[in-house]
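Heads up: the structure comes next, in structure tokens.
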Amino acid sequence: MGAGQIRGKGEPVEGTWCGKACCSAPGEVLVGRATERAETMRTSDEEEKAAEFAAGLQRRRELEELEALGMEAGINARADSDIEGEDFERKPSIMSMVPAIDCLAPQAESSRVSARSSTFSGRRKRLVLMGPADSMSKEERLDSSRYSVVDAEIIRGIPLRRSLRGIGRIWRYQPATWKPEERAELYDLPQRVLYFNVFLSHTWHTPGWQKILALSFQCGWRSTLAIWCVVETACMALCMVDMLPMPLVFRDTVTGLMVEAPMGLWVFFSGALALLLGLFFTPYLPSLCSSSDMGFIDVASIHQQDRALMERGVYGIAGFLRVSSELRILWSAPYLSRLWCIFEVAAYRKVNPDGIISFRPLFVERTALVLLIACLSFGAYVPGMSGSEVSYYVAYVSLLLFNLMTTALLRSNFREKHQLRRELRRFDLAQVSCREEFDRKFIHAAISKWYGSKDAFTEFVRQDLRQHLEPCLATRFPMRYLLLLSAAQMSVSLEFVLALWKGGASPNSILSFAIAMLLGVDVFVLACIVFSINYLSDRFAARRFGRFDHAQITMLSGAVFLGGSSLAQAAYGSSLEHCILFAVVSGVVAICFYWLDKNAPMPDVSASPQ
């Protein structure tokens, strides 16, 4: 009578106990049914626990995968809120304790940055937004010790080359000198991004034109070379079909054949304009030949008028560094005296240990510009070879004077570099200046948390950072800029190649001239001169004999140029085989100079500067 009620699956458990009191069936039946029900409940509990365990494993695998992707992309995938009492906690390997340092390696390092940036595709981009995206005031960041929280709402980047528009207007003037509406408009220049390819670290105590020049070379050398190649090819083609007048006469007396050929200045002038205007119009040229350069520039990426947005941006810099593939330091003499600059280096080393720190002294591009003008000034040699003795001597005198200027500039710059090495040895965080007391308190608190204490950070700068910056402070002249100098020299030699072709010279004679002059002199001998000036200016940067120091290095470089040019002319007047031999020997010598410049130990700077 009660069996059907007891077996009903929808019956509550209490009904069983009611059925047990009224049922006349044997007690064993009721016990068996109760046992069966208990086993069913136990099985369902085990299934639920198994499901929860499997879900936990799945979540753990997903977290490990996200962390692996985050490490590959150069950011930490864990949110600050997930780690109680910690702003950033991860134990990197020994190799990643100090970030990789880009020592001005031209193309390989830029490809590394490009490859690193390309990893932020698809779902990897979402890693940037995993942390808390809510805004925090500066007091909240300080009180909670969450200095590297990523404020995703205000991550705004601007291409580096675009920042140079208007003749680098945003670099030429400090934001404080702008009108309020102009400062507000700066925030419209960047765009919302998920990450930065480059975080530019610099000080406003350095003139803006130096940064404009540096970024023009760094961002525009590839496009400038491409423009030079196109312009020179087009100009030579127009001259070959007699579409451009060639009023000068080139007399080739080297080979003994007394070849007279028409010659103009089109190739040289067009090449010179292509190089100079290519650098000048870098911000307006397409970046097809360059890697992505979406960057953080403080004056544009941080609102300069809205106080609330400015506060979020300034005190959220560690979060911006956390999502930056590269920290590029535009170094100048006042850099280490600014506390915020020190904070950026300290923060990047901790919140983004897999990122790249690239050290770019601003004097490198200043030197490159002077050398480029020196090479272009040698264009006066072209009319000199057409019979104008005045132009002939003007070419050599101008080359000598510009080399003297280059030596003086280099020695002055290298004294700054040696001063930097001394500053790193004697670095004291307490001596670094900061205008706002809260900023000092904020930065010191963050550094103490990341490094354990201010003394520990001071020791890090004096030892670890200095040792890892030493290779970047070597005297090497960037090869990418050497290509620009060779292009300037080739603009002169290509005039003579065109003249020989127009004058009906034999292919063997034209090829001999190209190998001896274009390859031997314009590439290898020029490289020897640049490397020797660079090395000697660094080795003997300290003042010893006044201005005579510059003259010694200049005379030595002039002797190298005259000797190389004379040997090239002798080889050209002899045979094609001798031209090939000269090019090979000059190439080997250039490699030896490069090795010396690269591997020679830097001078001891422990003594006081002279």
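Values computed for the structure shown
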| read-out | value |
| --- | --- |
| Complete set of residues in region 432-442 that are acidic (Asp, Glu) and out of contact with any helix residue (DSSP H, G or I) (no Cβ under 8 Å at 6 or more places or on another chain) | GLU436, GLU437 |
| Which listed residue, of LEU244, LEU238, is assigned to a helix (DSSP H, G or I) and over 16 Å from THR282 (Cα atoms) | LEU238 |
| Condition met for ALA499 (assigned to a helix (DSSP H, G or I) and over 31 Å from the mean Cα position of the chain (by Cα)) | yes |
| Among the residues listed as ALA559, ALA516, ALA527, the single one being under 24 Å from MET479 (Cα atoms) and in contact with a Cys (Cβ under 6 Å, 6 or more places away or on another chain) | ALA516 |
| Filter result for TYR173 (surrounded by 18 or more Cβ atoms within 10 Å (Cβ to Cβ) and either in the same structural domain as HIS205 (by TED's automatic domain parsing) or at pLDDT 85 or above (or both)) | no |
| LEU429 being surrounded by 13 or more Cβ atoms within 10 Å (Cβ to Cβ), in contact with a helix residue (DSSP H, G or I) (Cβ under 6 Å, 6 or more places away or on another chain), in contact (Cβ under 8 Å) with a residue 24 or more places away in the chain and farther than 30 Å from ASP522 by Cβ | yes |
| Test for ALA347: is it at pLDDT 85 or above, touching a Leu at 6+ places or on another chain (Cβ under 8 Å) and among the small types (Gly, Ala, Ser) | yes |
| Tally, over region 188-204, of residues that are surrounded by fewer than 21 Cβ atoms within 10 Å (Cβ to Cβ), out of contact with any Gly (no Cβ under 6 Å at 6 or more places or on another chain) and under 26 Å from ARG360 (Cα atoms) | 5 |
| Residue check for LYS417: basic (Lys, Arg), farther than 30 Å from LEU556 by Cβ and either at pLDDT below 85 or assigned by TED's automatic domain parsing to the domain that holds CYS341 (or both) | no |
| Count - residues of region 307-349 that are among the polar types (S, T, N, Q) and either within 16 Å of GLU436 (Cα to Cα) or assigned to a helix (DSSP H, G or I) (or both) | 1 |
| Positions within region 209-246 being surrounded by 15 or more Cβ atoms within 10 Å (Cβ to Cβ) and among the aromatic types (Phe, Trp, Tyr), in sequence order | PHE217, TRP221, TRP228 |
| Residue count, region 142-157 (criterion: part of a loop (DSSP other than H, G, I, E, B) and surrounded by fewer than 21 Cβ atoms within 10 Å (Cβ to Cβ)) | 2 |
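Rundown of residues vs (1) touching a residue at least 24 places away in the same chain (Cβ under 8 Å); (2) aromatic (Phe, Trp, Tyr), yes/no style:
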site	(1), (2)
PRO507	no, no
SER512	yes, no
VAL521	yes, no
ARG544	yes, no
SER557	yes, no
GLU577	no, no
PHE582	yes, yes
GLY587	yes, no
TYR594	yes, yes
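The values are calculated or read from the model by the stated rules, or taken from the named source; none is laboratory data. These numbers were taken from a predicted model, which means no experiment stands behind them. Cβ sites come from the backbone with ideal geometry, for glycine too, and all protein chains shown count toward neighbours.
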